[in-house]
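These notes are about the structure you will find just below.
The values are calculated or read from the model by the stated rules, or taken from the named source; none is laboratory data. The model shown is predicted, which means the values in this text are computed figures rather than measured ones. Don't worry about glycine lacking a Cβ; one is built from the backbone with ideal geometry, like all the others, and counts go over all protein chains shown. The accessibility values were calculated without ligands, DNA or RNA, using every heavy atom of the protein model including side chains. Shrake-Rupley method; radii C 1.70, N 1.55, O 1.52, S 1.80 Å.
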Amino acid sequence: MYPLAPLFFSFAAGIYVASKLPLSPGAVYLLVFLSFVPAIILYVSRFRFNAMAVAPVFFFTGALFITPYVTPDIPANHVRMYVEKGSREGTPPARAGLYSVTAVVSDTPRFKDNSARFVVEAKKIFYDGRWRDTTGKIRLKVRGSPRGLYKGDYIRFLAFLREPENFGNPGEFDYVSWLRQRSIEVTGIVREGPFVVKLKEAGPGFSRYMEDLRRGVGGFIDASGVKHPAILKALITGDRTGLDRGTKEAYIRSGTVHLLAISGLHIGLASYFSYLLISFLLKRSTRLTLALNVKKTALVFSLFPVFGYAALAGFSLPTIRAALMAAVFIIAFIFDRGRSYYNTLAAAALVILVIEPFALWDASFQLSFTVVFFILYLYPRFYALFKIDGVAEVPVPDAGERVKGFVLKRLKGPLQVALVTLAASIGAYPLVAYHFQRVSAAGLASNLIAVPLTAVIIPLLFLSSLLIPVSKSLAVFFLHGADMVLSLQVLVVNFFSGLSFSSVWVSRPTVIEVFLMYGLILTLPWISRGRVFKIVTAFLVFFLVLDQGYWMAEKKWNKDLRVTFLSVGQGDSALIELPGGATMLIDGGGFYSKAFDTGERIVAPVLRYKRIKKIDYMVLSHSQRDHREGLKFIAANFKVGEFWWNGFGSLGRLSGILENRGVRIKVLGEKREVLTVNGARVEVMPTGGRAGLDMNDRSLVVRVSYGKESFYLPGDIGRAAEAELIKTPFRADVLKSPHHGSGSSSSAGFIRMLGPSVVVVSAGRDNPFGFPHAGPLAAYRAAGARIFRTDLSGAVEVTTDGKGLDVRTFGGTGRKRHP
């Protein structure tokens, strides 16, 4: 009935399996050839030949398409070969290299936070005293505003180049794989715009024309005096760089953030508006109406606005996918196959995966097709519950029934919008929770108003853009009309985002949980159709409840002590999971640049991955940015029981957040403090009251012991504080290296007193301080300790049952155990 659906799933399965079990291109070609044999035999014999007969062909073809991305053939002169590897496990650290490169700009520069981001195709690199031919893509971040660059320009730049690496924390976004799926093996930073020189401009062509048009539309909007220029530019040109954080947060909290990114909704609205406009114009001519199939002709011409909109938006990947999806549906209707919705949807997904196999992992691809599928699947079933279409078809004598029928028929349009929105929200929820760990409880209500308003805004914006070269007065008229409707939408968004329950952070579900949720959504509408569906639904509910029970029990009855030293760049953060489920977070890291929030981007994803909703004890060792800044987001978005610090210095904005949330603040460090939690003993050593100590030496020093094993986390103390602590001898099996492995700490007497078997150094990759220094590393090795560094191994997780230690790291190729 839907022959393309199994072919799509076969192709997608081939892509996924080949990404996990990489094969050589030759082996995949052989498998593709062999997969044709049974299909040919079945076809010739005419024995039950159907779509499933060629499913193996599509499976291995999918594997073939992803193979170049999984096992790329890197040429000897690829730019990656010239770039220093940076810090690697087992090798001394090396700074990212400064290189001069000539390259061609291969995508439209995107501007954000007074910097530009774009990809270039390298052509030459100055290496070892001379220019060498090279190849390969580089993703550049250029500080400043090099706004004169176009796709196709030939440029020369001086940049710090490096191979990209992930931070290496559990549950993090795999940035390296994301880049490699786009054939990018090197990233670079140009310190200022003047270090980029344009050698040759791109010649005239479609790409240059569309970029000029795009910038012209953006400039026209800026000069028009509208109230919301940034949002309007985001909706028509895809330029979201002008959106302030408050606007984006409001749309996120209200569950309408998808309206800010050009997607299938926007492309579909532009296509539908074009179809209606072209149909209207064609019907003005009797001759054309008689000579042409108006509907199909209008559909054909509506393809041009679809790809014109994508071009105006800079041909970003999500926009291209949306345009392809819309185009497949339009073509299906042209050939009278449009009513086969599931086949058309499968065909659109298959086309996109053929062009971009790596799109299978992209959140926008998954959400777009999943949402459309569940609209097609759930909407008819929801709509049938109201039976509106047959309400007033038969006259009824009862006046009450006539009134009811009249009202329901008048509510038909709004009800359809509501049911489509409900179906889309249900279909999106599991994937939104998986990818973003944030859902909007107000999303259904806000979208019921915001989406119809978008259906008015997009046609007005589209018409305004078309009229710019014809009549600027008319263009401004329609643009201000769009802005007026947008103002109403912004009011709606701000209202719903202001509700206390509007946005909820959730733990990241596992892949199995996502499938269980979707299984339940699929079976529930059929529960009244037979016993089988009742049994399947009951089993799905049972496994979901069992799954949630497991996670609750795992926390409450856990008898191990686990300390995870997070990889937060140049900073410190350690998560302690105490027996019985209590948690302690010591420091939250923090970059000196405000553009990257370690709490939001690193620490919080780890907590959600571990399904931690409350930090019982939040500890700040000392108030320096690389320890304090990440705690602000955690304090604002997670429950916090108590906050401990040494009272020296300022907490900044963190103080207000803690007070507003009613968190108890305790100042420690004057004397030894002891806390016992389910057999684990937490001690805060006295250093804060020592006279003459600086901020680092006043760090809270925390010792956690469980059974015969103990952990020692001394913040950034130096030798002065170490000399005081030595006066009260104790031992520790696991030591967090003081002050990131600085040469001003880790004295011989201090290490000898502790006698650690494991030392963890928290330091940033290629950090400007040269941490960790050679002296402390040599001292640790001389003491017989195993050394783990977050800049090399990612997060370091040490677990103990009180009798022994189990060490795991998360960097590099994934989780590794170190017996």
**OP:** Six or more apart or on different chains, Cβ under 7 Å: which pairs go from a residue in region 212-230 that's more than 15 Å from residue 464 (Cα to Cα) to one that's open to solvent by 30 Å² or more (accessible area, probe 1.4 Å) and assigned to a loop (DSSP other than H, G, I, E, B)? Could you list them?
**Re:** 230/242
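In this structure, is residue 771 surrounded by fewer than 16 Cβ atoms within 10 Å (Cβ to Cβ) and either farther than 25 Å from residue 580 by Cα or touching a residue at least 60 places away in the same chain (Cβ under 8 Å) (or both)?
Working: surrounded by fewer than 16 Cβ atoms within 10 Å (Cβ to Cβ): no; either farther than 25 Å from residue 580 by Cα or touching a residue at least 60 places away in the same chain (Cβ under 8 Å) (or both): yes.
Considered against the rule, which asks whether it is surrounded by fewer than 16 Cβ atoms within 10 Å (Cβ to Cβ) and either farther than 25 Å from residue 580 by Cα or touching a residue at least 60 places away in the same chain (Cβ under 8 Å) (or both), residue 771 comes out as no.
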Subject >> strands (runs of 3 or more DSSP E) wholly inside region 129-195 that include at least 2 residues being of a type in the set (D, E, K, R) >> reply: 130-133, 137-143, 154-162
Subject >> Single condition residue 191 does not satisfy, out of (1) touching a Leu at 6+ places or on another chain (Cβ under 9 Å); (2) modelled with pLDDT of 90 or more >> reply: (2)
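Being polar (S, T, N, Q) and more than 24 Å from residue 646 (Cα to Cα), is that true of even one residue in region 720-736? Break it down into steps so the answer makes sense when it comes.
Initial filter on region 720-736 (polar (S, T, N, Q)): 728.
Still in the list and also more than 24 Å from residue 646 (Cα to Cα): none.
Within region 720-736, none of the residues are polar (S, T, N, Q) and more than 24 Å from residue 646 (Cα to Cα).
Among 717, 726, which is the only one that is of a type outside the set (S, T, N, Q), surrounded by fewer than 24 Cβ atoms within 10 Å (Cβ to Cβ) and touching a helix residue (DSSP H, G or I) at 6+ places or on another chain (Cβ under 7 Å)?
Working: 717 fails: surrounded by fewer than 24 Cβ atoms within 10 Å (Cβ to Cβ).
Going through 717, 726 in turn, just one is of a type outside the set (S, T, N, Q), surrounded by fewer than 24 Cβ atoms within 10 Å (Cβ to Cβ) and touching a helix residue (DSSP H, G or I) at 6+ places or on another chain (Cβ under 7 Å): 726.
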Original post:
So residue 710 fits all but one of (1) without any contact (Cβ under 8 Å) to a residue 60 or more places away in the chain; (2) closer than 29 Å to residue 591 by Cβ; (3) open to solvent by less than 10 Å² (accessible area, probe 1.4 Å); (4) assigned to a strand (DSSP E or B); what number is the exception?
Top reply: (2)
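Anything in region 777-809 that is in a loop (DSSP other than H, G, I, E, B) and open to solvent by 30 Å² or more (accessible area, probe 1.4 Å)? List them, or say none. First the steps, then the outcome.
Of region 777-809, the ones in a loop (DSSP other than H, G, I, E, B) are 783-785, 794-795, 801-804.
Selection gives 783, 784, 801, 803.
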Subject >> Hits in region 217-259 - residues which are of a type in the set (Asp, Glu), in a helix (DSSP H, G or I) and closer than 17 Å to residue 461 by Cβ >> reply: 222
**OP:** Report the residue count in region 1-32 for those that are within 16 Å of residue 55 (Cβ to Cβ) and exposed (fewer than 13 other Cβ atoms within 10 Å of the Cβ).
**Re:** 1
Original post:
What number goes with the only condition from (1) open to solvent by 20 Å² or more (accessible area, probe 1.4 Å); (2) closer than 18 Å to residue 2 by Cα; (3) not β-branched (Val, Ile, Thr) that residue 303 does not pass?
Top reply: (2)
**OP:** Kindly provide the set of residues from region 211-232 that are over 27 Å from the mean Cα position of the chain (by Cα), open to solvent by 20 Å² or more (accessible area, probe 1.4 Å) and either within 15 Å of residue 313 (Cα to Cα) or aromatic (Phe, Trp, Tyr) (or both), ordered by number.
**Re:** 212, 213, 215, 216, 219, 220
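Could you please find all residues in region 261-291 being hydroxyl-bearing (Ser, Thr, Tyr) and either part of a helix (DSSP H, G or I) or without any contact (Cβ under 8 Å) to a residue 60 or more places away in the chain (or both)?
Kept after step one, since they are hydroxyl-bearing (Ser, Thr, Tyr), are these residues of region 261-291: 263, 271-272, 274-275, 279, 285-286, 289.
Selection gives 271, 272, 274, 275, 279, 285, 286, 289.
Among 110, 162, which is the only one that is touching a residue at least 24 places away in the same chain (Cβ under 8 Å), crowded, with 21+ Cβ neighbours inside 10 Å and among the basic types (Lys, Arg)? If you could, list the steps in order and put the result at the bottom.
Details: 110 fails: crowded, with 21+ Cβ neighbours inside 10 Å.
Only one candidate qualifies: 162.
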Subject >> Test set (1) open to solvent by 30 Å² or more (accessible area, probe 1.4 Å); (2) modelled with pLDDT of 90 or more; (3) within 22 Å of the chain's Cα centre (by Cα) - residue 431 fails condition number >> reply: (1)
Subject >> Selection within region 729-752 - farther than 21 Å from residue 626 by Cα and either crowded, with 17+ Cβ neighbours inside 10 Å or under 39 Å from the mean Cα position of the chain (by Cα) (or both) >> reply: 732, 733, 734, 747, 750, 751
**OP:** Could you please find all residues in region 546-570 being at pLDDT below 95 and of a type outside the set (D, E, K, R)?
**Re:** 546, 548, 549, 550, 551, 552, 553, 557, 558, 569, 570
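Can you tell me which residue among 496, 436, 477 is under 23 Å from the mean Cα position of the chain (by Cα), open to solvent by 20 Å² or more (accessible area, probe 1.4 Å) and not charged (D, E, K, R)?
Details: 496 fails: under 23 Å from the mean Cα position of the chain (by Cα); 477 fails: under 23 Å from the mean Cα position of the chain (by Cα).
On inspection, the qualifying residue turns out to be 436.
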Subject >> Matching entry among 314, 264 (being closer than 30 Å to residue 356 by Cβ and touching a strand residue (DSSP E or B) at 6+ places or on another chain (Cβ under 9 Å)) >> reply: 314
Original post:
Taking the stated definitions as given, is residue 335 touching a residue at least 40 places away in the same chain (Cβ under 8 Å) and open to solvent by 20 Å² or more (accessible area, probe 1.4 Å)?
Top reply: no
**OP:** Might you check whether a residue that is under 29 Å from the mean Cα position of the chain (by Cα) and surrounded by fewer than 20 Cβ atoms within 10 Å (Cβ to Cβ) occurs anywhere in region 455-468?
**Re:** yes
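Would you mind listing the strands (runs of 3 or more DSSP E) fully within region 500-586 where at least 3 residues are under 21 Å from residue 435 (Cβ atoms), touching a helix residue (DSSP H, G or I) at 6+ places or on another chain (Cβ under 7 Å) and open to solvent by less than 60 Å² (accessible area, probe 1.4 Å)? Full working, then the answer.
Details: elements: 503-505, 561-565, 574-577, 583-586.
So the answer is none; nothing clears 3.
Just need a number here: residues in region 126-177 that are among the small types (Gly, Ala, Ser) and more than 27 Å from residue 219 (Cα to Cα). First the steps, then the outcome.
Taking region 126-177 first, the residues among the small types (Gly, Ala, Ser) are 129, 136, 144-145, 148, 152, 159, 168, 171, 177.
From the residues that got through so far, the ones that are more than 27 Å from residue 219 (Cα to Cα) too are 129, 136, 159, 168, 171, 177.
Number satisfying all stated conditions: 6.
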